[in-house]
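Undergrad: Before I ask anything, let me first share the structure, which is written out below as structure tokens.
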Amino acid sequence: ETCSAEQAGIDEFDLKDMKVGFSQSEAESNPFRITETASIKKEAEKRGVELITANAQSDFAQQISDVQDLMSQGAEVLIIAPLNSDGWEPVLAEAERKQVPIVTIDRQINGDACNDYVTFIGSDFVEQGRRAADQMIEALGGKGKVAILLGAAGNNVTTERTKGFKERVEEKAPDIEIVFEQTGEFTREGGQSVTEQLIQSNPDIDGIYAENDEMGIGAVTALRGAGKQPGDVEIVTVDGTEEAVQLIIDGWIHGVVESNPRFGPLAFDAHESFGKGEEVPVELIISDREYDAENAEEELPNAY
Ligand code: AHR
């Protein structure tokens, strides 16, 4: 499926002449967010395009008003990293009225492709879950008790990373039992406090699947605090931050599936082609690396 300016009812434009608005969802304490924002800024600079930005600090109402503000400050083109997938109606209506094309990155906005947004650029999150499951199955030799530190609710990333993981475990490792699932809100503190509860309720836990690195790093802190040693609990995470890959080298994390946040070139290319009247795919999948004990040292420079 593709989308063109004609189909979307938007006049063609030259991206170079446009003011671009970028709305970031989460605080830039998570390297995923730091790298994502940097990638957008770098690409705007490289192309000499004017960019205005806002950060909603994980507050969805704030993000809605951020995007409205960006439009009142004259943004004619938008790149949005959405916090939640639902609840975008007020922004979509205003963008339609003002003929502002939207590209969403890393999380999806639920809506009509081409009518509501031009394209979604992100990872194959179900596949990330499957790859994480493969690492966990390997780490546990196909048998054991596993906990899932879920991401925040209300977005497709958490749902899809969970789905891929569970389906693969069910299909390939019937002797792995998922005994605990709780959200750590995609934060380090969340991952740590949920893991502290986990160790109390399930002291015999064999594996932890953390749906992002920040939570996985929090889990390591909790396990350390409880006197555990590297390898006592097998941890698999998603993102590919330097700190998590270093924890593979240190023996605390078994493996990391990358979630690639370097969306800048793809997002600006999509807007540029769309502006020229070309057909743009309504979904673009970015490719992800994978880290384990075998490649962590060599691949560390690719982590973010
Ligand atoms: O939407 C992407 C996810 O959001 C990243 O994996 C995570 O670190 C961030 O919180």
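The values are calculated or read from the model by the stated rules, or taken from the named source; none is laboratory data. These numbers were taken from a predicted model, which means no experiment stands behind them. Here the Cβ positions follow ideal geometry from the backbone for every residue, glycine too, while neighbour counts run over all protein chains shown. Accessible surface is based on the protein model in full, side chains and every heavy atom, while ligands, DNA and RNA are left aside. Shrake-Rupley method; radii C 1.70, N 1.55, O 1.52, S 1.80 Å.
Undergrad: Over the stretch 26-183, average the accessible area per residue using a 1.4 Å probe and give it in Å², no decimals.
TA: Here the per-residue accessible area is 41 Å².
Undergrad: By DSSP, what percent of the beta bridges with both residues in the chain are antiparallel, rounded to the nearest 5?
TA: Antiparallel bridges make up about 10 percent of those DSSP assigns within the chain.
Undergrad: For the pair Gln73/Glu6, report the inter-label distance in nm, with labels modelled 7 Å from Cα in the Cβ direction.
TA: Output for this residue pair reads 3.6 nm.
Undergrad: Please express the shape of the stretch 1-69 as an equivalent ellipsoid: the semi-axes are the square roots of 5 times the eigenvalues of the C-alpha gyration tensor, given largest first in whole angstrom.
TA: Ellipsoid semi-axes (Å, largest first): 24, 17, 12.
Undergrad: Measure nothing but the geometry: give the 0 to 90° angle between the long axis through the Cα atoms of 213-225 and the longest principal axis through the Cα atoms of the chain, rounded to 10°.
TA: The angle comes out near 30 degrees.
Undergrad: Within the set of other residues whose C-beta is less than 14 Å from the C-beta of Asp17, count the net charge using Lys and Arg as +1 and Asp and Glu as -1.
TA: The answer is -2.
Undergrad: Please report the net charge: other residues with Cβ closer than 9 Å to the Cβ of Ile121, K and R +1, D and E -1.
TA: -2
Undergrad: Using the per-residue mean of other Cβ atoms lying within 10 Å as a proxy for protection, in what order, highest first, do the peptides 89-95, 197-203, 143-149 fall?
TA: 143-149, 89-95, 197-203
Undergrad: Relative to the compact-globule scaling 2.2 N^0.38 Å, provide the ratio for the alpha-carbon radius of gyration of the stretch 46-159.
TA: 1.33
Undergrad: Calculate how steeply helix 188-201 sits against the longest principal axis of the alpha-carbon atoms of the chain, using the helix alpha-carbon long axis, and give the answer as 0 to 90 degrees to the nearest 10.
TA: Tilt of helix 188-201: around 30 degrees.
Undergrad: If you line up the long axis of helix 156-172 against the longest principal axis of the chain, both from Cα atoms, how many degrees apart are they, to the nearest 10?
TA: 40
Undergrad: Continuing with this model, one more query. Tell me the carbon and sulfur percent of the accessible area for the chain, rounded to whole percent, probe radius 1.4 Å.
TA: Reported share for carbon and sulfur atoms: 43 percent.
Undergrad: For the chain, what is the charge dipole size about the Cα centre, in debye to the nearest 20, if Lys and Arg each add +1 at the Cβ and Asp and Glu each add -1 at the Cβ?
TA: The dipole of the chain has a size of about 420 debye.
Undergrad: Can you give the convex hull volume per residue for the Cα atoms of the chain, as a whole number of Å³?
TA: For the chain, the hull spanned by Cα atoms encloses 116 Å³ per residue.
Undergrad: If you don't mind, there's one more thing I want to ask. For a quick check: with amide H placed at 1.01 Å from N, whose amide H comes under 5 Å from Ile176's, ignoring anything fewer than 5 positions away on the same chain?
TA: For Ile176, whose amide H was placed from the backbone, the distant partners under 5 Å are Gly144.
Undergrad: 5 Å is the cut-off here: which amide hydrogens, built 1.01 Å from N in the peptide plane, fall below it relative to Ser25, excluding neighbours closer than 5 in sequence?
TA: Close amide H contacts, sequence-distant or interchain: Ala56, Ala81.
Undergrad: Can you list residues whose amide H is under 5 Å from Val282's amide H, if they're 5+ apart or on another chain and H is modeled 1.01 Å from N?
TA: When sequence neighbours closer than 5 places are left aside, the close amide H contacts are Thr2, Cys3.
Undergrad: Express the C-alpha Rg of the stretch 218-290 as a ratio against the empirical globular expectation 2.2 N^0.38 Å, rounded to two decimals.
TA: 1.66
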